[in-house]
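Presented below is the structure to which this report refers.
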Amino acid sequence: MAVSDKVIDRLLSRMIKRGTLDVTYADGRTRSFGRATQGFPDVAVRFIDANVPRDLLLDPRLGAGEAYMDGRIVVERGDIMDLVSLARANNRWEDRADLGEPSLPRRLRNRISVGLRSLNKPGSSRKNVAHHYDIGNELYHLMLDAEHMQYSCAYWDTARFGEDMTLAQAQEAKLAHIAAKLNLEPGNHVLDIGCGWGGMAIFLVQRADVRVLGVTLSEEQLALARQRAAQAGVAGRVTFELVDYRDLAKSGATFDRIVSVGMFEHVGAPQFETYFRCIAQMLEPHGAALVHTIGRMGSPGRTDAFTDKWIFPGGYIPALSETVEASEKVRLIATDVETLRLHYARTIRAWYDNVLANRDAIVAMFDERFFRLWTFYLAGAATVFEHGSMCNYQIQFARERTALPLTRDYMAGAERRLLEA
C-alpha cells in the first residue's frame, strides 16, 4: 500500500464521524469510514488510479475537483452533492476550535495569495469575466430562474410565500428586498454595476418608475440584457453598456441610486478601495447604494485553488471587516447591514437540481467533463454556505447621514409595494 493511501486512510478516519463513506482504492482494497447517522449522507466512491490519494494530499479541493472532472474519482453510491456534503458536514465552520488569532504563516500565506490572485486591473477584469460568463447564455437559461435570470443569492421569504416557494418567487423576492433598501423615488437615475442579464434593471424600471444604466464586462450578457429589455418593452428607460465601472467613474457620470449584486466578489481585494471610491464619486450626495455580495464569516481568507483556476479567476470573497474598512476610506456610511446565512445554499441547490434535470442538454452543449466540473462547483458552493464560512451580505451605503429615513421601517412597506406592483 502506498504511503499516500495510508495517510488518506488516517485522515478520513479522523474526518468522517457522522454518515458513512466507503472508498475503493485503485488496487481493489475497500475501506469504510464513519457510522450511519440520520441526516448525514451514505456515500461510496472509487479511485480509478493510484495517483488520486496523492493529488488529494497535495490540495484537497483542487485534487478532488480535477480527479472528479477527469473521471478518476467515481461516485458509486449517492452523487457529488452527497460526497461534498458529507465532507463539509463533518467539518462545520462553527465547530472548529481555532478561535484565536491565525498563525503568522497562515496570515502571510493568505495575504500573498490574495495579492497575487486578485489584482484585477482593468485589462484583466474583462478576461476574467469572460471565462465564466461568456461560455454561452444557454447554460444559464437551463440553470437559473426563467423569469429574471438571477445568478445570485435568492431571498427565501417563506413567512410570506410558504416553505414550497419556487426559485422564481425567491428571486423576485430578492429583487424587491434589494430595491426597497434603495429607497427609490419616481424618476431616479439608477446605476446597476455588474448588471448580468438585466433582471434587476428591468425589475426596477417596471416596478419603481426609474431609469437605469446597467454596465457589464460580458458581451454575452450585454446582448441578452438588451434583448430582454426590448421584449419587456422597457428599452427606452433602461440602457445596457459594455463598460468598466472605473471608466464610468472617470467620465464624471452621477446617479441617484447605485446597486451592485454579485459583482463585488470579482473586484479583488487590491481594488476594494477603488471600487468604493468610484461608488462615492458617482453617487449623488443624498442618494443611496446597495452592495449585495458573497461574504466570508470571520477573518479574511483566500480563494481556494479549484475556484481560482476553474470557476472565478481573479475572484475573492471578502470578509465583512475588509469590505467596510475599504468603504470607510472614502467616507461612505454603512447605513444598514444584513447577513443572509442560508439563503444561498437553498438557491444553489435549486440550480443544482435544474442542472441535473438538464444533464443531457448540457453534456451535448459541452461534454461529460464540463458537466462534472459544473456539478462539483455547485456542490462545493451549496455546502460551503451550509457548513463552511460563506454567507451573503447586503450593505446599504450613503454619503450623507440625512439621506435615508431615521428607522428601517420604510423597507418593509416598499418591499410589499414592489411585490404587489
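In square nanometres and to one decimal, what's the mean projected area of the convex hull around the Cα atoms of the range 174-230?
Approximately 3.6 nm², given one-decimal rounding.
Which order do D164, D42 take when ranked by solvent-accessible area (1.4 Å probe, heavy atoms of all protein chains), largest first?
From most accessible down to least: D164, D42.
Looking at I333, G214, I193, which one has the Cα that reaches farthest to the positive end of the dipole of the chain (charges on Cβ: Lys, Arg +1; Asp, Glu -1)?
I333
Of the trypsin sites (Lys or Arg not before Pro) in the range 321-421, which ones lie in a loop per DSSP and count no more than 15 other C-beta atoms within 10 Å?
Passing both the DSSP loop test and the Cβ count: K329, R331, R341, R401, R408.
Which of the listed residues, H343, T254, A50, is farthest toward the dipole's positive end in the chain, when Lys, Arg count +1 and Asp, Glu count -1 at the beta-carbon?
The listed residue farthest towards the positive side: A50.
Give me the dipole magnitude in Debye, nearest 20, for the chain about the Cα centre, with unit charges on the beta carbon: positive for Lys and Arg, negative for Asp and Glu.
Taking the Cα centre of the chain as origin, the dipole is about 1080 debye.
For the range 287-421, build the charge dipole from Cβ charges (+1 Lys, Arg; -1 Asp, Glu) around the Cα centre, then report which of M411, C391, T323 sits farthest towards its positive end.
T323
Roughly speaking, to the nearest percent, how much of the chain's 1.4 Å accessible area is carbon and sulfur?
Of all accessible area on the chain, carbon and sulfur atoms account for 51 percent.
Which of rounded, prolate or oblate describes the range 136-204 when judged by the alpha-carbon gyration tensor and an a/c cut-off of 1.5?
The shape class here is oblate.
Please arrange T20, T347, T335, T30 by accessible surface area, largest first, computed with a 1.4 Å probe and ligands excluded.
Largest to smallest exposure gives the sequence T30, T335, T20, T347.
The values are calculated or read from the model by the stated rules, or taken from the named source; none is laboratory data. The shown structure was predicted, so the numbers you read here are calculated from the model rather than taken from an experiment. Virtual Cβ from ideal backbone geometry, glycine too; neighbours counted across all protein chains shown. What goes into the accessible areas is simple: the full protein's heavy atoms, side chains included, and nothing from ligands, DNA or RNA. Shrake-Rupley method; radii C 1.70, N 1.55, O 1.52, S 1.80 Å.
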